Amino acid sequence: MVMDKEKMRDIADFLFEAGMLKKTPRSGFQFLGSGCESVAEHVLQTLYIGYVLCKLDPQADELTVLRLCLVHDLPEARTGDMNYMNKKYVQVDEKKAAREMAESLFFGGEIEASLEEFNQRQTRESLIARDADQLALILQLKECGDLGNKYSQEWIRFALRRLATDNARKLAESIIATDSTNWWFKDKSDWWVNGNHGSTD
């Protein structure tokens, strides 16, 4: 496909805009009292979770799930992140943000359609992507709880109620039962004393 300079500039604009997610904080942590992450960090973790959930459900279209995970918070480059408290009082026009973001892109229709699918919650893939979104939150909350935040467990309780698929519920159970440091600190050998797998040199 040959693109003229104007179309390539539109793509460059889009990539700069997507990069804004690295600078956009997830706003709910100000209410939790600990933890922090950017929207881009959240999207990355959501992608990995979506990938795993697809491996647990071979009937799901993996590319679709990953696309939904990738774009699900893309309008927040324009709107910012609205937490549950904000949403009680602020009406965000996500469709307008998505439309104006996508209108100059030759693949913009795909972005808008993916956002619509994610928000409609009608397809298997949209339910998996939405579960990946919530599991990313649950992972973050579990880490905060392991570090002493006494409110994280109550937040997890609400997030669990948003899960739609059995695989996500089972994975959430495992997340909650697993210490967030287990992946790196389960080996309690002399490495942590000497730094060389038990050698005293």
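Values in this text are rule-based calculations from the coordinates and carry no lab data. All values derive from a computational prediction rather than experimental measurement. Here the Cβ positions follow ideal geometry from the backbone for every residue, glycine too, while neighbour counts run over all protein chains shown.
Give me the extension gain from Y51 to K22: residue separation times 0.36 nm, minus the current Cα-Cα distance, reported in nm with one decimal. Don't jump to the answer; show the numbers that get you there.
Details: separation 29, 0.36 × 29 = 10.44 nm, distance 2.12 nm.
Gain on extension, Y51 to K22, equals 8.3 nm.
Run the numbers for S104 and S38: contour at 0.36 nm per residue of separation, minus the present Cα-Cα distance, in nm.
Details: separation 66, 0.36 × 66 = 23.76 nm, distance 2.61 nm.
Length gained, S104 through S38: 21.2 nm.
Mind sorting M1, M8 by how few other Cβ atoms lie within 10 Å of their own Cβ, fewest first? Spell out each step's value before the answer.
Numbers: M1 4, M8 10.
So the ranking, lowest neighbour count to highest, is M1, M8.
With only Lys, Arg, Asp and Glu charged, each at its Cβ (+1 for the first two, -1 for the last two), find how big the charge dipole of the chain is about the Cα centre; round to the nearest 20 debye. Working shown, then result.
Numbers: 26 positive and 33 negative charges, 128 e Å.
The calculation lands at about 620 debye.
What is the angle, in °, between the Cα long axis of helix 39-56 and the longest principal axis of the Cα atoms in the chain? Nearest 10 is fine, range 0 to 90.
On a 0 to 90 degree scale, this one is about 80.
If the reach is capped at under 25 angstrom between alpha carbons, list the lysines near K7, excluding any in the same chain fewer than eight residues apart.
Cross-link targets: K22, K95, K96.
Can you tell me the relative contact order of the chain? Whole percent, Cα pairs under 8 Å, sequence separation 6 or more.
On the way: 215 pairs, mean separation 39.9, N = 201.
It comes to 20 percent, rounded to a whole number.
In whole Å, what is the distance between the alpha-carbon centres of region 91-160 and region 1-59?
10 Å
Taking trypsin sites (Lys or Arg not before Pro) that fall in a DSSP loop and have at most 11 other Cβ atoms within 10 Å as cut points, what is the longest piece of the chain between them?
With a cap of 11 other Cβ atoms within 10 Å, the longest stretch comes to 1-87.
Rounded to the nearest 10 degrees, what's the angle between the helix 124-146 long axis and the longest principal axis of the chain, both from Cα atoms, 0 to 90?
The helix 124-146 is inclined about 40 degrees to the chain.
Check each of the chymotrypsin sites (Phe, Trp or Tyr not before Pro) in region 89-139 and keep only those in coil by DSSP with at most 12 other C-beta atoms within 10 angstrom; list them in order. Can you show the working numbers first?
Values: sites: Y89, F106, F107, F118; in loops: Y89, F106, F107.
Counting only loop positions with at most 12 other Cβ atoms within 10 Å, the chymotrypsin sites (Phe, Trp or Tyr not before Pro) in region 89-139 are Y89, F106, F107.
Relative to the first principal axis of the alpha-carbon coordinates of the chain, what is the inclination of helix 62-71, with its axis defined by its Cα atoms, in degrees from 0 to 90 and to the nearest 10?
For helix 62-71, the angle is close to 80 degrees.
Please compute the modelled spin-label separation between M1 and N182, points set 7 Å along Cα→Cβ, answer in nm with one decimal.
My value for the distance between the label points is 4.4 nm.
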